[in-house]
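Read the structure below first, then the notes.
The values are calculated or read from the model by the stated rules, or taken from the named source; none is laboratory data. No experiment lies behind these values; they were computed from the predicted model shown. Because the Cβ atoms are built from the backbone with ideal geometry, glycine has one as well, and the counts that use them run over all protein chains shown. Please note that ligands, DNA and RNA were not included when accessible areas were found on the heavy atoms of the full protein model with its side chains. Shrake-Rupley method; radii C 1.70, N 1.55, O 1.52, S 1.80 Å.
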Amino acid sequence: MNTANTILACDVGGTRIKLGLVRGTRLLRRDEIAAHPNEGLAAALIRIGRAARGLCRSAGVAAKTLAGFGLSFPGVIEPGSERILSTPAGKFDDAKRIDVPKLIRRLFGLPTVVCNDANAALAGEWRFGAARGSRSAVMMTLGTGIGASAVIDGVPLRGQHGQAGCLGGHLVANIDGRPCLCGNIGCAEAEASTWALPEQARSHPAFPSSRLAREKPIDYALVFRAAARGDAVAMELRDRAIRVWSGALVSLIHAYDPEVAVIGGGIMRSGEIILPRLRRHVARHAWTPWGKVKVKTAALGNDAGMLGVAWLVGARI
Ligand SMILES: [Zn+2]
């Protein structure tokens, strides 16, 4: 990889799209635009192009000197073709029908990598962040859903259809559990993620008397805040969620044999409470006769996906 190359990196989320110009390990300039997922990915790419031209101007980078385009997307990506096989429920529906890499090449005229968002985040953390220097690592991202990714023996894991490693949020945490958006029952993210939380909270018998009934939105930031003040429903939801994440992490460790496990995502703003408990659970329950997996907080925050997908582009060109 030529580290003088500038890559346009783009991280698509359900509500915001982050984009940035990346050179080597440096994010030269960043921007964010609204995702408008109902309008589809093709429409979003047009708006990304417009925002990217603005970024190039403000960074003093000639758009024609860009060396590649990296797109991090929350779906299953077919290896080889890099077509998008799945999209988040009801969002960017057109992405499954169009050849996204081909469309990007036509719109931008650049070598392109399309990558699952959890895989992009781990690529970033593995090359430049919390898992730097390791040969085998897993990442679990706690947010709207639960993302997961694995690097084994220095190779990012993808599998036959691109879903190896990245479905850690859909490891079963409760066989008698709640229906998941993926069609399975009792997935970790159906038991403890931001999309599943409001219904879980409201179905608690003591919900009407809880602080959670009086504040909005019902997310884990609120749950951790209310739990810290002694709200019984919030404490129960918090403690159960941490047990679900702990169990999922042990499953990831058993499946992928990492030396480092990186925990990221917006919910980790409460990491000072979550991380010690995850570590304790892993120390007690993970079967690792060789020693202990290092459990670390993600180091690159929101930029991990952009840095990671840019690295993947650079490794290919
Ligand atoms: Zn699921």
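Between the C-alpha center of the stretch 92-123 and that of the stretch 210-229 there is a gap of 37 Å. Using just its DSSP H runs of length 4 or more, each adding -39500 (n - 2.57), the chain gives a mean residue ellipticity at 222 nm of -11000 deg cm²/dmol after division by all residues. Its alpha carbons give the stretch 77-116 an Rg and a Dmax of 10.2, 30 Å.
Stokes-Einstein diffusion of the stretch 218-273 at 20 °C, 1.002 mPa s viscosity, Kirkwood radius from Cα pairs, rounded to a whole number: 173 µm²/s. When the C-alpha to C-alpha distance is required to be over 28 Å, the pairs from Lys18/Lys292; Lys18/Lys64; Lys91/Lys216; Lys18/Lys296; Lys18/Lys102 that qualify are Lys18/Lys292.
The listed residues Met306, Met268, once ranked by accessible area (1.4 Å probe) with the largest placed first, stand as Met268, Met306. Say a site is exposed when it is one of the chymotrypsin sites (Phe, Trp or Tyr not before Pro), sits in a DSSP loop, and has at most 10 other Cβ atoms within 10 Å; what is then the longest site-free stretch of the chain? Result, exposed sites excluded: 1-286.
When the P(r) of the stretch 156-252 is calculated, the portion above 15 Å amounts to 62% of the C-alpha pairs.
When nucleic acids and ligands are ignored and a 1.4 Å probe is applied, Thr297 ends up with an accessible area of around 60 Å².
Judged by the ratio a/c of the largest to the smallest principal axis of the C-alpha gyration tensor, the stretch 16-83 counts as oblate, that ratio being 1.5 or greater while a/b is no larger than b/c. Would the chain count as rounded, prolate or oblate if I go by the C-alpha gyration tensor, calling it rounded below 1.5 in a/c and otherwise prolate when a/b exceeds b/c, oblate otherwise? Prolate is the answer for the chain, as a/c is 1.5 or above and a/b outweighs b/c. The accessible surface of the chain, taken with every protein chain in place and a 1.4 Å probe, is 50 percent carbon and sulfur. A 1.4 Å probe over all protein chains sorts Asp94, Asp239, Asp176 by accessible area into Asp176, Asp239, Asp94, starting with the largest. Per residue, the chain exposes 46 Å² of accessible surface when a 1.4 Å probe is rolled over the protein heavy atoms with every protein chain present.
For the stretch 206-317, the Kirkwood radius over C-alpha pairs fed into Stokes-Einstein at 25 °C and 0.890 mPa s yields D = 153 µm² per second. For His285, the accessible surface of its heavy atoms amounts to roughly 100 Å² (probe 1.4 Å, protein chains only, rounded to the nearest 10).
Amide H contacts of Cys187: Ala173, Cys180, each under 5 Å away and 5 or more positions distant or on a separate chain (H built 1.01 Å from N in the peptide plane; Pro and chain starts excluded).
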